[in-house]
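Take a look at the structure set out below.
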Amino acid sequence: MKRSITIGAIIASSLGAAAFAHSGATGVVLERMNGMSAMKKVMGELAPMMRGEVPYDVAAAQKGAATIMAHAGGGMVKLFPEEAIPATSYAVPALWERWDDFSDLADLLESQAFGLAMAIPNGLTAPQPPSAPHDMEAMNNMSDMVGMTDAVAQPTQDLTVAQLMGVEPTADAHTNATVLPEERESSSLDYTMMAAPAAFERVSQTCAACHSQFRRGS
Amino acid sequence: MRSLVVPLILGAIFAAAGIFIVARWPIMEPVTLGMMEGDAKRGAYLARSAGCVACHTDVKMGGAAMAGGAPLDTPFGRFVPPNLTPDPVHGIGDWTLDQFAVAVRQGVRPDGKAYYPAFTYEFYNQFTDQDMADLWTAFRTVPPVSVPTAQHDLNFPFNLRWGLKLWRARYMTQSETTPVMAQSDAWNRGQQLVNGASHCGACHTKRGLFGGLDANAKLEGNTNLPGGSKAPSISTEDLLSRGWTVANMAYALRTGITLGGDVLGGSMAEAIAQGTGMLTEGDREAIATYLLTPSGQISVGLPTNAAASSMDSMAGMEGMAGMESGGN
């Protein structure tokens, strides 16, 4: 069975027809699946590095950031023409109904990947002196776990009652994907003073925000 | 013809009597906390860990804190998480602490009627009296919002609230948390969160035809979530076979990044952004430690310093001693 699919795919592509993915996606659906898969691969490879579990590799991380940049922003939205959603696609109708929200997130991802590229030379910790005290990353406490002494910075554990109860946003909320686009002000961020893992987590927040709204299933 | 009328009338009388009896059936156990003092910080942390804030705030629509959440579309109809702000008319401003404790721990409204299990009170039964006082104090800090909540829109027969008393008798589960002294603090704390406050099983355990949690398939996954999302199995065996560790799972509970690099969407994205992502690193590690420890084995994983300190400072729940004396 597997062989016949493989042979079929070879014949199809050799005939100049659209290539078939393992899931049967074709055309733009296949293209965007490839783009998403490329970004997924980057996230999977960089996550252990950002946790300090594998050696920090600036060149590999830069390459990963560049891959995300290439598949985000305009490069991403152009692969979502408004058309009937084929069964092979994970896109949901809300993506086109709230097109501005979607394209905002695609743009945010591109700028965050660019920010990540700027933060990568900093390595796993923010350079001294730390940036403005209200910035969440600046307040990160260093982990005191054995063997991870200068590895992953911990997010602040000191949220206020108002923040925990949802009355006030968390310190960095206005710069990330968890708030509505009109409340976002990404321009205030200085990625050159940010630890790479913090910049990397911003990227993941945007992936999550987009997936939760515009991707079928989980 | 007449031979049918008598049984029909008798049947109707018995049915009416049955409904009357069920409707009058008291399900509430009295609680007397009186004016017990609470700690807003601990309560707020518990409100966050227990999903109160996430569910009762419509974050995506920019809704005010605790003023009512996004509707939940289920096979039984649409549930609307109500306004829990201190507004006396549209919120819970005229409640007492005792009524609040009965609602959260027992799933019973101040009028004695039952809540639908879409409100995950089945996981909150072991909250201590102090937890309740802390939660109540935290809830009272939220600005009142004078906006009524939309009604649930449920299909027959689920719209008959008295039927919930029968449901409770047959299907209601209670969270079970048994401190194990031989296990680490992280494991014990993880047990509290997974089985209690953080109610992982509400999504990751499948539900039967009438919405009851399947006790025989605990945390083994649920393919039928509101909104068409799926929750994978998070049984210890499955998690370990997929390569999860305490470190990468605690990281996933903050960032949503899974092992292969996919970033979780669906309702888990919200559970992370509005829940586990706001917990302490120690608590995320505690959740992972508990989930990844095979039964009968002593928990392994990262050192427990972080988890231990979080239990002292802002656990939002009583420690081991509190667990034993708590509940109702």
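Mind running the shape call on the stretch B:109-155? Use the C-alpha gyration tensor, a ≥ b ≥ c as the square roots of the eigenvalues: rounded below 1.5 for a/c, prolate if a/b tops b/c, oblate otherwise.
Taking the square roots of the gyration eigenvalues as a ≥ b ≥ c, the stretch B:109-155 is oblate.
Taking a ≥ b ≥ c as the square roots of the eigenvalues of the Cα gyration tensor of the stretch B:18-63, is the shape rounded (a/c under 1.5), prolate (a/b larger than b/c) or oblate?
Cα axes put the stretch B:18-63 in the oblate bin.
Taking beta carbons within 10 Å but only from partner chains, what does the mean come to for residues B:30-42? List each step's numbers first, then the result.
Values: counts 0, 0, 0, 0, 0, 0, 0, 0, 0, 1, 5, 5, 2.
The per-residue average across the peptide is 1.
Can you give the mean number of other chain Cβ atoms that lie within 10 Å of the Cβ atoms in peptide A:166-172? Can you show the working numbers first?
Numbers: counts 17, 10, 1, 0, 2, 0, 0.
That average works out to 4.
Got the relative contact order for the stretch B:70-143 handy, in percent, Cα pairs under 8 Å and 6 or more residues apart? Working shown, then result.
Numbers: 79 pairs, mean separation 19.1, N = 74.
Relative contact order comes out at 26 percent.
Restricting to DSSP loop positions (anything but H, G, I, E, B) with no more than 15 other Cβ atoms inside 10 Å of their own Cβ, which chymotrypsin sites (Phe, Trp or Tyr not before Pro) remain in the stretch B:170-272?
Here the chymotrypsin sites (Phe, Trp or Tyr not before Pro) that fit, given the DSSP loop and packing criteria, are B:F210.
For the stretch B:1-84, just say rounded, prolate or oblate: build the C-alpha gyration tensor, square-root its eigenvalues into a ≥ b ≥ c, call rounded for a/c under 1.5, and beyond that prolate if a/b exceeds b/c, oblate if not.
It is oblate, given that a/c is not under 1.5 and a/b is not larger than b/c.
Nearest 10 degrees is fine. How inclined is helix B:40-49 to the longest principal axis of chain B, computing both from alpha carbons?
With both axes taken from Cα atoms, the answer is about 80 degrees.
Looking at the calculated P(r) for chain B, what percent of the C-alpha pair distances fall above 24 Å? Don't skip to the end; give the middle numbers.
Numbers: 30163 of 53628 pairs.
I get 56 percent for the Cα pairs in chain B exceeding 24 Å.
Quick one: pull the percentage of alpha-carbon pairs in the stretch A:37-105 with a separation above 15 Å.
63 percent
If you find the alpha carbon centre of the stretch B:159-194 and of the stretch B:39-85, how far apart are they in angstrom?
So the two Cα centres are separated by 20 Å.
So what's the angle, to the nearest 10 degrees on a 0 to 90 scale, between helix B:129-139 and the longest Cα principal axis of chain B?
Tilt of helix B:129-139: around 90 degrees.
Each reported figure results from applying straightforward, stated rules to the coordinates on display, with no laboratory input. The structure displayed is predicted, hence computed values, not measured ones. Note that each Cβ is placed from the backbone with ideal geometry, even for glycine, and that neighbours are counted across all protein chains shown.
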